[in-house]
1. Is it the case that the stretch 175-189 has a residue that's within 23 Å of Ala123 (Cβ to Cβ) and of a type in the set (Lys, Arg)?
2. Hey, can you tell me all the residues within the stretch 190-204 that are open to solvent by 10 Å² or more (accessible area, probe 1.4 Å), assigned to a helix (DSSP H, G or I) and without any contact (Cβ under 8 Å) to a residue 24 or more places away in the chain?
3. If Ala154 passes every condition in (1) under 23 Å from Phe89 (Cα atoms); (2) surrounded by 13 or more Cβ atoms within 10 Å (Cβ to Cβ); (3) of a type outside the set (Ser, Thr, Tyr); (4) without any contact (Cβ under 8 Å) to a residue 60 or more places away in the chain but one, which one does it miss?
4. Quick check on the stretch 68-84: of everything there that is crowded, with 21+ Cβ neighbours inside 10 Å and closer than 15 Å to Val125 by Cα, which residue is modelled with the highest pLDDT?
5. Which count do you get for residues in the stretch 127-157 that are more than 16 Å from Val204 (Cα to Cα), part of a helix (DSSP H, G or I), out of contact with any helix residue (DSSP H, G or I) (no Cβ under 6 Å at 6 or more places or on another chain) and not polar (S, T, N, Q)?
6. Output yes when any residue across the stretch 24-46 is farther than 30 Å from Ile157 by Cβ and either modelled with pLDDT under 85 or charged (D, E, K, R) (or both), and no when none is.
7. So is Ala225 small (Gly, Ala, Ser) and either under 21 Å from the mean Cα position of the chain (by Cα) or open to solvent by 40 Å² or more (accessible area, probe 1.4 Å) (or both) or not?
8. Let me confirm something: among Val207, Val178, which residue is open to solvent by less than 40 Å² (accessible area, probe 1.4 Å), of a type in the set (Val, Ile, Thr) and touching a His at 6+ places or on another chain (Cβ under 8 Å)?
Amino acid sequence: MTCVAYISQFDLGSTRAVREVVQAIVSLLHTLSSSSSLTSSRAASPPSLTASWQIVLKVLQHLQVLFFRHLHYLADADRAFFVDTVAEFLHDPHVEVRQLAGVTLSGLVQCTGGMREDNPVAAQVRAVAESLLAASGTALPKRRAGQPVPEGFADQIRTRHAGVLALAALVRAHPYDVPATTLPLVLVKLAHYAEDPVPVGPAVKSVFAEFKRTHAETWHRDILAFDDDQRAVLVDMLVSPSYYA
């Protein structure tokens, strides 16, 4: 991990070198993922984050640094490669890794200009989100007290959570502004999943809480980016009793 942190601080000189480094990092992450998953599957109780997963989390942080440092000569295809690489970890069985993958995607979107219409990074992240949410289905299987977990429930929750984190990345890329043609639609889409089971619902509510906090001082201006229906959804999310549950 120290080696990755060291490398991320230097200009590697070419997109080919950057790709090779990222591919080596991803290979390391997958190796750690496999060994940690095997250890976890043998445990009698839910394991805490292992040393290997602490390394995974740290390396994901440095991927964003590597991206930003080489952004000036990364072509669209190279930027897409970074997004695909990070997006893989939205599917991780560990919630902590999925969350950090979402945060990293937000950083990639923000440093490439946010959700402006000509930003392919933002468009790619949004496409990832839409694909994951579509794959998670329209309704989650019902869980009943005292009954076994429905078949496919865990996978469906994980996929839904991954899609929500990708959408949340777009919102978090704009802590102090509201792109009128894009961000309101993303927030309305997120609101649809606010009552889903843990960890999906709490992830949605966390995004809205953060949005409310970072836009408080400019809300008199930011609210103008929303139409009447969008405002109704936003107000319901920010002030309803379920928001504070």
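1. First, pick out the residues of the stretch 175-189 that are within 23 Å of Ala123 (Cβ to Cβ): 175-189.
Keeping just the survivors that are of a type in the set (Lys, Arg) gives 189.
Within the stretch 175-189, one or more residues are within 23 Å of Ala123 (Cβ to Cβ) and of a type in the set (Lys, Arg).
2. Initial filter on the stretch 190-204 (open to solvent by 10 Å² or more (accessible area, probe 1.4 Å)): 191-193, 195-199, 202-203.
Subset that is assigned to a helix (DSSP H, G or I): 191, 202-203.
Result: Pro202, single match.
3. (2)
4. So, considering only residues that are crowded, with 21+ Cβ neighbours inside 10 Å and closer than 15 Å to Val125 by Cα, the one modelled with the highest pLDDT is Val83.
5. Residues flagged as more than 16 Å from Val204 (Cα to Cα), part of a helix (DSSP H, G or I), out of contact with any helix residue (DSSP H, G or I) (no Cβ under 6 Å at 6 or more places or on another chain) and not polar (S, T, N, Q) within the stretch 127-157 amount to 5.
6. Step one: list which residues in the stretch 24-46 are farther than 30 Å from Ile157 by Cβ, which gives 24.
Add one more test, that the residue is either modelled with pLDDT under 85 or charged (D, E, K, R) (or both), and what stays is 24.
Yes, that holds for at least one residue.
7. Numbers: small (Gly, Ala, Ser): yes; either under 21 Å from the mean Cα position of the chain (by Cα) or open to solvent by 40 Å² or more (accessible area, probe 1.4 Å) (or both): no.
So Ala225 does not fit the description; no.
8. On the way: Val207 fails: touching a His at 6+ places or on another chain (Cβ under 8 Å).
None of the other options fit; the residue is Val178.
The values are calculated or read from the model by the stated rules, or taken from the named source; none is laboratory data. These numbers were taken from a predicted model, which means no experiment stands behind them. Backbone-built Cβ (ideal geometry, glycine too); neighbour counts: all protein chains shown. Surface areas here come from the heavy atoms of the whole protein model, side chains and all, with no ligands, DNA or RNA. Shrake-Rupley method; radii C 1.70, N 1.55, O 1.52, S 1.80 Å.
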